[in-house]
Amino acid sequence: MGRPSKASRPAARAPVVILVRPQLGENIGMAARAMLNCGLGELRLVAPRDEWPNVKAERAASGADAVLEDARVFDDVASAVADLQRVFATSARNRELTQRIAPPREAAADMARAVAASRRVGLMFGPERAGLENDDLAHADTVITIPLNPAFSSLNLAQAVLLVAYEWSRAVGEVGTTRLETNDATIASRSELEEFVQRLEVELDEAGFFKVAEKRPRMMQNIRALFSRAEATDQEIRTLHGIVSELVGKRRRRTPR
């Protein structure tokens, strides 16, 4: 994949991602990929260990080239956050500082409100081995703590970026809700559905399915409700008619005249 077109690039108002003293080029590349997946496009690097630009980062970015090409490098955290008005930092441990602590979802909602109010927002991640130090965290107003297994809470840098960036996308409504994908098919009308249910009822009667007469109305209600919530397409209803025809035909051929 090549460099994304201008139309596919994230909006400039999204939070800035700041990787502090990243150690591996591969992790920077994968973090860039995670960013672009979730609509974040501005990357800042604070004193990366290896040379920059970095070939390994480019290979790991898997098409998020624009994020890497536009990345800016800073000598220290203070310089990297100087133009920002809100800074969120991720940390797995309490660093004995008095700070606002928030889980990712609440922090993302806070970020979304800040961006909507035209604030420049930064999202800071620490180096792979030990995370952010107190001197780094002191530049943040909110610390994001990801609730994971207390016995094993270690995350890869790119995983942490993806998790928080996903919550950002969710907060600003860029993560779609559940939907039924029908492609070119049309959802069956209620009349088509009712025609099938009535046919099914007739065939069930003929097959002796309803053993107890008193239970018949409730059973038919359940059957009708089942197909009503299925959101079957017109093609699926035709398929169901075909199934019933085949089953009925086999039963009748086996029944002695």
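The values are calculated or read from the model by the stated rules, or taken from the named source; none is laboratory data. Predicted model only: the values in this text are computed from it and were never measured. Note that we place each Cβ from the backbone using ideal geometry, even for glycine, and neighbour counts take in every protein chain shown. Just the protein is used for accessible areas: all its heavy atoms, side chains included, with ligands, DNA and RNA removed. Shrake-Rupley method; radii C 1.70, N 1.55, O 1.52, S 1.80 Å.
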Which value in deg cm²/dmol, rounded to the nearest 500, describes the helix-derived mean residue ellipticity at 222 nm for the chain, given -39,500 (n - 2.57) per DSSP H run of n ≥ 4 and division by the residue count?
-13500 deg cm²/dmol
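Run through the range 48-139 and list the GluC sites (Glu not before Pro) located in a DSSP loop whose Cβ has at most 14 other Cβ atoms within 10 Å. Before the final figure, lay out each step's value.
Working: sites: E51, E58, E69, E96, E106, E128, E133; in loops: E51, E96, E128, E133.
Loop-located and lightly packed - E51, E96.
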Need the full-extension length gain, S79 to D50, defined as separation in residues times 0.36 nm minus the C-alpha distance. One decimal, nm.
8.5 nm
Among DSSP beta bridges whose residues both lie in the chain, state the antiparallel percentage, nearest 5.
5 percent
How big is the dipole moment of the chain about its Cα centre under a simple scheme where the beta carbon of each Lys and Arg is +1, that of each Asp and Glu is -1, and everything else is neutral? Debye, nearest 20, please.
1160 debye
Could you tell me which chymotrypsin sites (Phe, Trp or Tyr not before Pro) in the range 150-206 are loop residues by DSSP with no more than 10 other beta carbons within 10 angstrom of their beta carbon?
F152
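Hey, what did the range 101-257 get for relative contact order, percent, Cα under 8 Å, at least 6 apart? Working shown, then result.
On the way: 86 pairs, mean separation 39.5, N = 157.
Normalised by residue count, the contact order of the range 101-257 is 25 percent.
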PRE reach from A116 (point 7 Å along Cα→Cβ): which of the range 35-57 fall under 20 Å by backbone N?
39-40
Which value, in debye to the nearest 20, describes the size of the charge dipole of the range 130-257 about its Cα centre when Lys and Arg Cβ atoms bear +1, Asp and Glu Cβ atoms bear -1, and nothing else is charged?
1620 debye
Among (1) 16.8; (2) 22.6; (3) 14.0, which one is mean projected area of the Cα convex hull in nm² computed from these coordinates?
(2)
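For E203 and R105 in the same chain, what is the full-extension length gain: residue separation times 0.36 nm, less their Cα-Cα distance, in nm?
Values: separation 98, 0.36 × 98 = 35.28 nm, distance 5.23 nm.
My answer for the length gained is 30.1 nm.
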Please enumerate, by chain and number, the aspartates and glutamates with C-alpha under 14 Å from the C-alpha of K250, excluding those fewer than 8 residues away in the same chain.
E203, E206
Cut-off 10 angstrom, C-alpha nodes, Gaussian network model of the chain. Which of M220, M111, M30 fluctuates the most?
M220
Restricting to DSSP loop positions (anything but H, G, I, E, B) with no more than 15 other Cβ atoms inside 10 Å of their own Cβ, which chymotrypsin sites (Phe, Trp or Tyr not before Pro) remain in the range 206-252?
F209, F210
Along the dipole axis of the chain (charges at Cβ: +1 for Lys and Arg, -1 for Asp and Glu; origin at the Cα centre), the most positive-end residue among M111, G63, Y166 is Y166
Accessible area in square angstrom per residue, the range 201-257, 1.4 angstrom probe
78 Å²
Want the number for R252 to E194: 0.36 nm per residue separation, take away the alpha-carbon distance, what's left?
18.5 nm
Springs between alpha-carbon pairs under 10 angstrom, Gaussian network model over the chain: which of A116, A14, A165 fluctuates most?
A116
Sequence-separation-based contact order of the range 29-115, relative, with Cα cut under 8 Å and 6+ spacing, percent:
31 percent
On the protein heavy atoms, probe 1.4 angstrom, tell me the percent of accessible surface of the chain carried by carbon and sulfur.
51 percent
